[in-house]
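Asks: The structure's right below; bear with me while I get my questions together.
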């Protein structure tokens, strides 16, 4: 049974998601449709890139991933179907897949060219579903598009490293449901540049000199609960995707606050790591 995933900024109030799923079932019948997320911030390609990068690889090889974010076709925003890491991705050429393709070279890229045969004002429903169904039936990418060799790159994908190799300048690329702030700096980058040296992470006016592997590692559970620093503790950690994250222990953006709200960190804000 083919697997088709959906990642969009459509939300759940409108009929869009239901219509897309209905169309897929009408095309294929026997198919497994999985929602990755429909709460991507509207038109936020960088946020979508982080979400799809850290979800797709858990699915079986051959899975088909529809990405409906900033998907309106224009001369500068063409539609693509991509084979990458033995998965298929259908999306606009708006840079979303550059976060994955920066680490893994695409196996094949085509610019979708079936638009003349399909009248549409809703390309995810009318174009992307047709392409996903074609792939699910075993169809080749060349039938629905012309081969190309490059995709658009997103800005702020890669952190900047100075010539002296003692500073990394990264940016906030994602803010999760808890208000934790994810940067584009990976564990591997810090290890390669830092080479075991002491460091200071600067996030606006907050400084960190240690990075934890989990949230609970930042808490000293040997101390009595009434005196230990726990709720509200600021920390830097490597998250499950091995990205540097600025967090607050047991945060809640709607009550006690979060790293984003309390530290004043927004998408694309700068995070600096200086090595001694």
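Where a number appears in this text, it was derived from the coordinates with a stated rule and is not lab data. Note that the coordinates shown come from a computational prediction; the quantities given were computed from them, not determined experimentally. Positions of Cβ are backbone-derived with ideal geometry, glycine not excepted, and every protein chain shown enters the neighbour counts.
Asks: Find, to one decimal place in angstroms, the Kirkwood hydrodynamic radius of the chain, where the mean of 1/r is taken over every pair of different Cα atoms and then inverted.
Replies: One over the average 1/r among Cα pairs gives 20.3 Å for the chain.
Asks: When the expected Rg is taken as 2.2 N^0.38 Å, what fraction or multiple of it is the alpha-carbon Rg of the stretch 160-275?
Replies: 1.05
Asks: Further, regarding this structure: For the ranges 139-150, 123-134, what's the packing order if you count other beta-carbon atoms within 10 Å of each residue, average per peptide, and put the highest first?
Replies: Averaged packing, sorted descending, gives the order 123-134, 139-150.
Asks: Please give the contour-minus-distance gain from residue 30 to residue 167: 0.36 nm per residue of separation, less the Cα-Cα distance, rounded to one decimal in nm.
Replies: Value of the extension gain: 44.1 nm.
Asks: Could I ask something else about it? Among 14, 269, 93, 35, rank each residue by its count of other Cβ atoms within 10 Å, from fewest to most, as a rough exposure measure.
Replies: Taking fewest neighbouring Cβ atoms as first place, the list is 14, 35, 269, 93.
Asks: Using only Cα atoms, locate the centre of the stretch 236-276 and the centre of the stretch 74-150, then give the distance between them in Å, rounded to an integer.
Replies: 34 Å
Asks: Here's another thing I want to ask about it. For the stretch 3-147, state the average projected area of the convex hull of the C-alpha atoms over all orientations, rounded to one decimal in nm².
Replies: If I average the Cα hull's projected area over directions, I get 7.9 nm².
Asks: Quick check: residue separation of residue 266 and residue 14 times 0.36 nm, minus the Cα distance between them. What number comes out in nm?
Replies: 88.0 nm
Asks: Any idea what angle helix 16-28 forms with the longest principal axis of the chain, computed on alpha-carbon atoms, 0 to 90 degrees, nearest 10?
Replies: 50 degrees
Asks: Further question on the same structure: Given an 8 Å cut-off on Cα distances and at least 6 residues of separation, report the relative contact order of the stretch 46-139 as a percent.
Replies: Relative contact order comes out at 29 percent.
Asks: Using a Förster distance of 35 angstrom, determine the FRET efficiency expected from the C-beta separation of residue 122 and residue 240, and round it to 0.05.
Replies: FRET efficiency, residue 122 to residue 240: 0.55.
Asks: While we're looking at this one, here's another question. Calculate the spin-label point distance for residue 137 paired with residue 192, positioning each point 7 Å from the Cα along the beta-carbon direction, and give it in nanometres.
Replies: Placing both labels 7 Å along Cα→Cβ, they lie 4.4 nm apart.
Asks: How high is the FRET efficiency between residue 153 and residue 233 when r is their beta carbon distance and R₀ equals 35 Å, given to the nearest 0.05?
Replies: 0.45
Asks: Multiply the residue separation of residue 115 and residue 217 by 0.36 nm, subtract the distance between their alpha-carbon atoms, and state the gained length in nm to one decimal.
Replies: Result: 31.5 nm gained on full extension.
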